[in-house]
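The values are calculated or read from the model by the stated rules, or taken from the named source; none is laboratory data. This is a predicted model, so every value here is computed, not measured. FYI the Cβ positions are ideal-geometry reconstructions off the backbone, even for glycines, and counts take in every protein chain you see.
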Amino acid sequence: MAHTIQVDVVSAEESIFSGVAEFVVLPGETGELGIYPQHAPLITRIKPGSVRIKVPGKIEDVLVFVAGGILEVQPKAVIVLADSAIRGKDLDEAKAIEAKKRAEDALVNREADIDFAQAQAELASAIAQLAAIQQLRRKK
């Protein structure tokens with residue numbers, strides 16, 4: 001039996017993934033993190049991007065897009081508390097492209113009454129979603 005770790009990915013709306021994994025890769029605040037069983041305890045913020053979960057006995061990784069959040073790692077458990085999360089199969093390229101365009105327009109239009117930090121966050125999220133979609137396409 002391979003060594004495994006319990007993984008839970010949840011958003012405010014629902015539980016996105018709950019199960020065991022051989023390892024997890026996700027976008028930490030300071031770079032990509034690889035988590036294996038018996039990892040040292042860790043709490044950190046995560047950036048928008050893909051969470052890849054290697055499930056024992058499966059060839060394809062489970063992919064979940066997260067728009068940021070908090071990661072807690074214990075030796076036998078990984079908990080991702082995502083601001084929002086979307087299963088890889090549910091990502092919508094057209095919506096991501098539209099969100100990217102809206103955020104870019106908001107940043108260019110300096111006369112608009114907008115929150116630039118929010119627009120930058122939305123742009124980063126849309127770009128990360130499009131990268132996740134490209135990653136899924138490469139696997140097919």
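Looking only at the stretch 11-24, residues that are aliphatic (A, V, I, L, M) and modelled with pLDDT under 95 come to 2 in all.
Here's the yes/no breakdown for (1) touching a Lys or Arg at 6+ places or on another chain (Cβ under 6 Å); (2) under 20 Å from F23 (Cα atoms); (3) surrounded by fewer than 18 Cβ atoms within 10 Å (Cβ to Cβ):
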site	(1), (2), (3)
V55	no, yes, yes
D61	yes, yes, no
K76	no, yes, yes
A103	no, no, no
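Could you tell me which numbered condition V108 fails, if it satisfies all but one of (1) exposed (fewer than 15 other Cβ atoms within 10 Å of the Cβ); (2) over 20 Å from I127 (Cα atoms); (3) aliphatic (A, V, I, L, M); (4) over 15 Å from the mean Cα position of the chain (by Cα)? Unmet for V108, out of (1) exposed (fewer than 15 other Cβ atoms within 10 Å of the Cβ); (2) over 20 Å from I127 (Cα atoms); (3) aliphatic (A, V, I, L, M); (4) over 15 Å from the mean Cα position of the chain (by Cα): (2). Candidates P75, P48, P56: the one that is touching a Ser or Thr at 6+ places or on another chain (Cβ under 7 Å) and more than 18 Å from I127 (Cβ to Cβ) is P56. Consider R45 carefully, then state whether it is buried (at least 17 other Cβ atoms within 10 Å of the Cβ) and either in a strand (DSSP E or B) or in the same structural domain as V80 (by TED's automatic domain parsing) (or both). When the stated conditions are applied, R45 does not pass them. Total residues in the stretch 48-104 satisfying the condition of being free of Cβ contacts under 8 Å to residues at least 40 places away in the same chain, more than 17 Å from V25 (Cα to Cα) and assigned to a loop (DSSP other than H, G, I, E, B): the figure is 2. Screening the candidates S50, S18 for the property of being polar (S, T, N, Q) and surrounded by 15 or more Cβ atoms within 10 Å (Cβ to Cβ) yields one hit, S50. Only one entry of L63, L81 meets the criterion of being in contact with a helix residue (DSSP H, G or I) (Cβ under 9 Å, 6 or more places away or on another chain) and either modelled with pLDDT of 70 or more or outside the structural domain of G31 (by TED's automatic domain parsing) (or both), and that entry is L63.
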